[in-house]
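Contents: one structure, followed by commentary.
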Amino acid sequence: MLDSKVPAGPLAEKWSKHKFNMKLVNPANKRKFTIIVVGTGLAGASAAASLAELGYNVKTFCYQDSPRRAHSIAAQGGINAAKNYQNDGDSVYRLFYDTIKGGDYRAREANVYRLAEVSVNIIDQCVAQGVPFAREYGGLLDNRSFGGSQVSRTFYARGQTGQQLLLGAYSALNRQIQKGKVTSYTRHEMLDLVKIDGHARGIVTRDMISGKIETHEGHAVLLCTGGYGNVFFLSTNAMGCNVTAAWRAHKRGAYFANPCYTQIHPTCIPVTGDHQSKLTLMSESLRNDGRVWVPKTREISAKLRKGELHPAEIKEDDRDYFLERKYPSFGNLVPRDVASRNAKEAVDDERGVGKSGVAVFLDFTDAINRLGEDTVRAKYGNLFDMYHKITDENPYKQPMRIYPAVHYTMGGVWVDYNLMTTVPGLYALGECNFSDHGANRLGASALMQGLSDGYFVIPFTVGDYLANLGSFAPVDKNHPAFEQTRQEVEGKVAALLALRGTKTVDDIHKELGKIMWEYCGMARTAEGLTKAKAMIQELRKDFWQNANVLGKNEELNLSLEKAGRVADFLELGELMVDDALDRNESCGGHFRLESQTDEGEAMRNDEEYTYVSAWQYTADNQPEVLHKEDLVFENVKLTQRSYK
C-alpha cells in the first residue's frame, strides 16, 4: 500500500503544522545544493525562481527556445482563489469542497485543502510581481465565475491570464538567471533519469540543436513538464507538449497514477477535417455570459447544416438550452465533464449544428442585449477576435460553434503530500502530477495548482528532503550511473534513427489518436477498451517496423524528436486503456457506459473504487503492476454529484 505521508491532525491545520515540523536548510548550506527543474511553465518557473531566491543552485531545462514559450502561456480564462472579494459566500473551505466535488470524490482531501488554503497567497504574490489582473471601477481586483461553482472567485487578465502569470514567473526566473543562481538550458529535452543508490541524482538530455547527449547532476530533480493530452493527437495542447520526461521517469521507478483521467473541454472550436494537427480552445469564461443551445428538433438542425436557415431565424421556442434545462442551479456553468457529455448527447441525437453537425452553439445575443457590445468586447474581445479569424464567422452577429476536445490530464506521476514520487529525490509539480483534481478538474484550477506547487509547497518539502540527506557533498558526476544511462539513451536514439519504413511518425500518431478518441475518449466500454488495447499493441509493432525517421542525430531533427515522443505515447496509451478497464465505474471525465444513472450521469462505485490507481513499470512489453492508495474522506460526505 502506498504511503501518501499526509500529516495527522485537523484538515485546516495539516499544512501549517507540517511546515513547522519539516527540517530547514541553513542559509549558508543552501548554496551547497543543486536542484534540477525540468520544464519552465508556471510550475517550473515559479519553483526555480523561488528555490534560487532561497539560495539553492538551480538548473532549468526546457525544449523551447525560451522559458516564456511554455504552454502555460496559452491559458486564457483565469485563476481561482478564495479571496471572497465579491462577498458572495466564498471561503477556503468552499473552494476545497467545490474542488473535491468537482473531481467526483477521487482526489486526496489534504492536498486539495492545501491548494485552497494557498490560493489566497498566490494572488498577492502575482500582484506584487505586477501581473495586471482585471480590476473593478473601485480598484479592487475583479472576479468572474467558472464551472462547478456558484461564487465568483476567478481572477483574470482579459483572456490572457496564463500569459500574464507566466510573464510574472518568467521575470522572477530571469532575475535569478541574471544573478547567476539559475543556469538555463533551452532547447534541451530530458530523455532519461539518472539514479544513484535508488535516489534521483540527475538527468540525461539531448541538445536539440547539436544532438549532443549530455548528463546533468543535481541533489534533486523536479519534473514540471505538464500533461499528456497529445496522446490523442488532436488536443488543445501545443504540438510540442509530450510525456517523454515523465514517462522515462516512470520507467525508472516513478509510479504513474490515474492515467485514464482525461479532461475533455466543452468549449473548443470544432474539428474541420483530417488536415488539422491542433485544436483551439475557447475559454470556459465564455460560459459566464454565453448560452449553450441546439435546435429542439432534428429537422431544424438538418436545415441549419444545409444552410437553409440562419441561427438567428430560429425562434426561442425552437431552441433547447439543454444545460439550463437539465441543471437549473448551475446552468451553463456546470463542470466541464458534465457540459461535454451533454454536448455529445445532443450531437448523437442528430441535433448538432454546423456543416458537420458535430457542434453546439454558444450564443451571446442575450449578453450583448443586456450589457452592450462594448462591454462584451471589453471582457472577451481577444477571444472573439481569435474565433473570428479562425472560422471567418463574427460571434457578435451569430453564435459560436463549439464542441468538446481533449484539453487536460488529471492523471500523472504519483506523488505523496510532499510532491515526491516513488523515487526519492524526484518530485512532480503542476499538471505533471496527479494529486489535486481527482477525476475532473474545475476551470481556473490548473494555474492555481501550478503556482501553488512552485511558489509555496516545493520550497518547503524539497528543503526537508535535502536537510535529511546528511551530507552536503556535491553529486559525483563521474559516477558510473551517469555514463551508463547516457549510453542507454544513445542506444534508444540509434534505434529510432534506424527506422526506415514507409510511414511517417505523424501517420502513426494520428492512428493512435483516433483509437484513443474512439475507445478511451468521452465514453468508454469494456468491449471498446479491450479492442483498443489490441489495436495499440499492433500499432506499436507497426511503429517499430514501418515508421520512417529521417536525418541524423547531430542536427536539428524534428523527425527524431517526434519519433521519441510518439514511441512514449504508444506505451502510455496502452496503460491508459488498462487503467480505464480496471476502473469499472464512472467518475468525472472517466465515463463508462456500463456505469451511469437513469438520467445518464456518471455513477461511481465508492465501495470498490475509492482509491488512486498507481501503476508500476516492470519491463518492456510486460504488464504493469497496479498499486492502490485508498482515499480517505473525513471532512466531506461522498454523495452522487448533482448540479441540478
(request) Working carefully through the options Glu538, Glu574, Glu561, find the one that is farther than 30 Å from Leu631 by Cβ, in a helix (DSSP H, G or I) and either open to solvent by less than 40 Å² (accessible area, probe 1.4 Å) or at pLDDT below 95 (or both). (result) Glu561
(request) Report, by residue number, each residue of segment 593-626 that is surrounded by 15 or more Cβ atoms within 10 Å (Cβ to Cβ), part of a loop (DSSP other than H, G, I, E, B) and in contact (Cβ under 8 Å) with a residue 12 or more places away in the chain. (result) Glu601, Met603, Arg604, Thr610, Tyr617, Glu624
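Among the residues that make up segment 507-526, is at least one of them outside any helix (DSSP H, G or I), at pLDDT below 95 and out of contact with any strand residue (DSSP E or B) (no Cβ under 7 Å at 6 or more places or on another chain)?
Yes, segment 507-526 contains a residue that is outside any helix (DSSP H, G or I), at pLDDT below 95 and out of contact with any strand residue (DSSP E or B) (no Cβ under 7 Å at 6 or more places or on another chain).
May I ask you to verify whether Glu538 is more than 30 Å from Ser210 (Cα to Cα) and free of Cβ contacts under 8 Å to residues at least 12 places away in the same chain?
yes
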(request) Residue by residue through segment 123-142, note down the ones that are under 22 Å from Arg94 (Cβ atoms), assigned to a loop (DSSP other than H, G, I, E, B) and either in contact (Cβ under 8 Å) with a residue 60 or more places away in the chain or out of contact with any Phe, Trp or Tyr (no Cβ under 8 Å at 6 or more places or on another chain) (or both). (result) Glu136
(message) Suppose we keep only residues that are at pLDDT 95 or above and touching an Asp or Glu at 6+ places or on another chain (Cβ under 9 Å) within segment 340-356. Which one would you say is most open to solvent (accessible area, probe 1.4 Å)?
(response) Arg351
(request) Please find, among Tyr137, Tyr170, the residue that is more than 18 Å from Leu442 (Cα to Cα), buried (at least 24 other Cβ atoms within 10 Å of the Cβ) and not acidic (Asp, Glu). (result) Tyr170
(request) Starting from residues that are without any contact (Cβ under 8 Å) to a residue 60 or more places away in the chain and outside any helix (DSSP H, G or I), keep the ones in segment 5-50 and report whichever is least open to solvent (accessible area, probe 1.4 Å). (result) Gly9
(request) Given the conditions (1) open to solvent by 60 Å² or more (accessible area, probe 1.4 Å); (2) in a strand (DSSP E or B); (3) acidic (Asp, Glu), report the number of the one that Glu629 does not fulfil. (result) (1)
(request) Just name the residue that is nearest to Ala254 (Cα to Cα) out of those in segment 422-442 that are hydrophobic (A, V, I, L, M, F, W, C) and surrounded by 24 or more Cβ atoms within 10 Å (Cβ to Cβ). (result) Leu426
(message) Restricting to segment 472-508, and then to whatever is open to solvent by 70 Å² or more (accessible area, probe 1.4 Å) and of a type in the set (A, V, I, L, M, F, W, C), can you tell me which residue is farthest from Val566 (Cα to Cα)?
(response) Phe472
(message) Looking at segment 358-396 only, could you name the residues that are part of a loop (DSSP other than H, G, I, E, B) and touching a residue at least 24 places away in the same chain (Cβ under 8 Å)?
(response) Val358, Ala359, Phe364, Pro395, Tyr396
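Before we move on, is Asp337 in a helix (DSSP H, G or I), more than 25 Å from Lys389 (Cα to Cα) and open to solvent by less than 30 Å² (accessible area, probe 1.4 Å)? Quick ask: steps written out before the conclusion?
Values: in a helix (DSSP H, G or I): yes; more than 25 Å from Lys389 (Cα to Cα): yes; open to solvent by less than 30 Å² (accessible area, probe 1.4 Å): yes.
So Asp337 fits the description; yes.
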(request) Write out, first by first residue and then by second, each pair whose Cβ atoms fall under 9 Å of each other, whose residues are 6+ apart or on separate chains, and whose first residue, in segment 466-482, is part of a loop (DSSP other than H, G, I, E, B) while the second is among the acidic types (Asp, Glu). (result) Pro474/Glu217; Val475/Glu217; Asp476/Glu217; Lys477/Glu217; His479/Glu217
(message) I'd like to know if segment 66-78 contains one or more residues that are within 30 Å of Asn26 (Cβ to Cβ), in contact (Cβ under 8 Å) with a residue 60 or more places away in the chain, open to solvent by less than 10 Å² (accessible area, probe 1.4 Å) and not in a helix (DSSP H, G or I).
(response) no
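Residues are listed down the side, and each one gets a yes or a no for (1) touching a residue at least 40 places away in the same chain (Cβ under 8 Å); (2) touching a Cys at 6+ places or on another chain (Cβ under 9 Å); (3) open to solvent by less than 10 Å² (accessible area, probe 1.4 Å); (4) among the charged types (D, E, K, R):
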| site | (1), (2), (3), (4) |
| --- | --- |
| Val112 | yes, no, yes, no |
| Asn121 | yes, no, no, no |
| Ser145 | yes, no, no, no |
| Gln150 | yes, no, no, no |
| Gly162 | yes, no, yes, no |
| Lys179 | yes, no, no, yes |
| Thr183 | yes, no, no, no |
(request) Kindly provide the set of residues from segment 223-280 that are assigned to a strand (DSSP E or B) and either of a type in the set (Lys, Arg) or surrounded by fewer than 24 Cβ atoms within 10 Å (Cβ to Cβ) (or both), ordered by number. (result) Cys268
(request) Looking only at segment 318-325, decide whether some residue is touching a Lys or Arg at 6+ places or on another chain (Cβ under 7 Å) and free of Cβ contacts under 8 Å to residues at least 24 places away in the same chain. (result) yes
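The values are calculated or read from the model by the stated rules, or taken from the named source; none is laboratory data. What you see is a predicted model; the values in this text were computed from it and never measured. Methodologically, a virtual Cβ is constructed for each residue, glycine included, from the backbone with ideal geometry; neighbour enumeration extends over all protein chains shown. The accessibility values were calculated without ligands, DNA or RNA, using every heavy atom of the protein model including side chains. Shrake-Rupley method; radii C 1.70, N 1.55, O 1.52, S 1.80 Å.
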